[in-house]
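Trainee: Let me begin by handing over the structure; questions about it come next.
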Amino acid sequence: MAVKIDTDVCVGCGCCSDVCTPGALELRETAEVNQAFCIECKQCIDMCPALAIRLPAAQE
Amino acid sequence: MTYDLIVVGAGPGGLLAAKTAAEQGLKVAVIEKRKDISKITRACCEQFIMDENYSGDTIEVLSDRIVFTKNGFDVSYDGPKKDIHDKYYISPGGKTIHFAYEDRRPIVVKFDKGRLLEGLMQECSQAGVRFFMGTVAFGAGDEEKGVEIAVMHDGHHEIMKARKLIAADGVNTGVGEALDINKGRRYFATALCIMYYLEGIGVYDPTAMKTYFGRSYKGLAPIMIGPSIESEEVGYVICTGNKQYPPPDIFNNVTTVGALAPEFQNAQLVKKVGCSIKTFSPLAVPWKGNTLFVGDAAAYVEVETQGALMCGYRAGHAVAEEIAGYGGFDAYTRWWQSSFEFLGEDFMRVAQGFALVPKYTDEELDFLFGLIEGERLEGTYNQYRSPKIMWDALFRHSEQIQAERPEVYEKMTGAQASLSDML
């Protein structure tokens, strides 16, 4: 599993990828997760000013 | 392929560093996570600050370029500009403190940052810099012979190599984290920020910056409203919060239940940009091994666009000199330490106060702001000098404060008091 990004809420600032140590986040119009690399460390969740990132409900 | 220099981050600092180093004959590559740098989606500095000797330089804004008179270089820019002459601090009851220069020269000049960056990128390309856009640098290793940078592009991981590395990747420097540069720095807090651009804000003034202090506005930090470069009608509102009280909640409260809510009744949202800021004490020595940390990556919060340009210009030369064996990194360090205010102890004492919960009630802020309403305080953008100037002005009324409001005077002069508590 991996974090999920709400693309309607994401402002595309890219601060999530600043702190993504495994290199799982890319920036296009909004942030995008590459599931294969996400380690669910949740650092990106704490960094998002728009509250656009979460772990799927079952894992919270 | 091993480059002489890899620059991570195509902001003003990274681009000018890349251009300057390439002009010195180095083989340079720039890694940038964004595909199109002309579209700004991060809340950032989009104004030139006209204070004299700001970060060690006085700039001149001409029709086709920005001149750095002391550092001795200039940067092409012929895009739109907008002069801002007035700055207001406003209390909950509307008492207003006014900052402006006596001769009405601008405090700041807004500009189109996307256009500035595009211009710099073109100059870089002409100088032979290679660009890797849409590429995230997420890891780095530094050994005696050079640096290795782990990058992500279109879902693939790769390694790039260079003799020297410039980390111009901003306030949350991932390169710095990978190279353990933050270990010796003091961590303060992570601020979450969203800048909302709206058309039709009631209190919007296209030539002034306004900051609203006090609990009744429902912010966490003071609420800032100011002009955009995009059009005469569009202004911004900056909502700065934290994990407990994040920007979307602040914006909702400010615009629907706070004291400014009526001013937003007819406002239409145009766009949003954001930024989260991991706040560390600045790096006194902004290099380690083969890596030089420039601009916000080494700063307390930010160096602003003009500071980043100065860092970039100096850093480009520093790398060329370092490779040639002339101690360029040490020379850069001496310049860095003598130029930026946040490297002084006094600054940190004041700046840390920005995160404090205000200790004055709304009514007390009305009383204090009312004392100096109608005076003109010296125009400055400087976030350190502004509260100092305000504080000095208030203390010119200390007899009146003592007589009428001894409990307020007690707060202003008590053992715990510092000017930062006001903010």
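Trainee: With 26 Å as the limit, write out which pairs from B:Lys113/B:Lys271; B:Lys27/B:Lys82; B:Lys39/B:Lys82 have Cα-Cα distances beyond it, or answer none. Present the calculation step by step, with values, prior to reporting the outcome.
Mentor: Working: B:Lys113/B:Lys271 16 Å; B:Lys27/B:Lys82 37 Å; B:Lys39/B:Lys82 19 Å.
Cα-Cα > 26 Å for B:Lys27/B:Lys82; rest within.
Trainee: While we're looking at this one, here's another question. If you take the square roots of the eigenvalues of the alpha-carbon gyration tensor of region A:4-59 and sort them as a ≥ b ≥ c, do you get rounded (a/c under 1.5), prolate (a/b over b/c) or oblate? Mind showing how you got there, number by number?
Mentor: On the way: a/c = 1.43, a/b = 1.13, b/c = 1.26.
The shape class here is rounded.
Trainee: Further question: In what order do A:Cys41, B:Cys45, A:Cys15 fall by count of nearby beta-carbon atoms within 10 Å, going from fewest to most? Walk me through the numbers on the way to the answer.
Mentor: Values: A:Cys41 14, B:Cys45 18, A:Cys15 29.
In increasing order of surrounding Cβ atoms, one gets A:Cys41, B:Cys45, A:Cys15.
Trainee: Something else now. Provide the FRET efficiency to the nearest 0.05 for the B:Ser125-B:Gln402 pair, computing r from the beta carbons and using R0 = 51 Å.
Mentor: On the way: r = 64 Å, r/R0 = 1.25.
Given R0 = 51 Å and the Cβ-Cβ separation, E is 0.20.
Trainee: Right, next: Compute and list, largest first, the equivalent-ellipsoid semi-axes of chain B from the alpha carbon gyration tensor, each √(5λ) rounded to a whole angstrom.
Mentor: Values: eigenvalues 306, 103, 86 Å².
Semi-axis lengths for chain B are 39, 23, 21 Å.
Trainee: Another question, then. Take every residue in peptide B:189-197, count the Cβ atoms of other chains within 10 Å of its Cβ, and give the average of those counts.
Mentor: 3
Trainee: Please identify every one of the trypsin sites (Lys or Arg not before Pro) in region B:94-168 that sits in a loop by DSSP and has no more than 14 other beta carbons within 10 Å of its own beta carbon.
Mentor: On the way: sites: B:Lys95, B:Arg104, B:Lys110, B:Lys113, B:Arg115, B:Arg130, B:Lys145, B:Lys161, B:Arg163, B:Lys164; in loops: B:Lys95, B:Arg104, B:Lys145.
Passing both the DSSP loop test and the Cβ count: B:Arg104, B:Lys145.
Trainee: Give a quick list of GluC sites (Glu not before Pro) in region B:46-78 that DSSP marks as loop, anything other than H, G, I, E or B, with at most 11 other Cβ atoms within 10 Å. Mind showing how you got there, number by number?
Mentor: Details: sites: B:Glu46, B:Glu52, B:Glu60; in loops: B:Glu46, B:Glu52.
Within region B:46-78, the qualifying GluC sites (Glu not before Pro) (loop, at most 11 other Cβ atoms within 10 Å) are B:Glu52.
Bear in mind that the values in this text are calculations on the coordinates, not laboratory data. In this text, all values refer to a predicted model and were calculated from it rather than measured experimentally. Backbone-built Cβ (ideal geometry, glycine too); neighbour counts: all protein chains shown.
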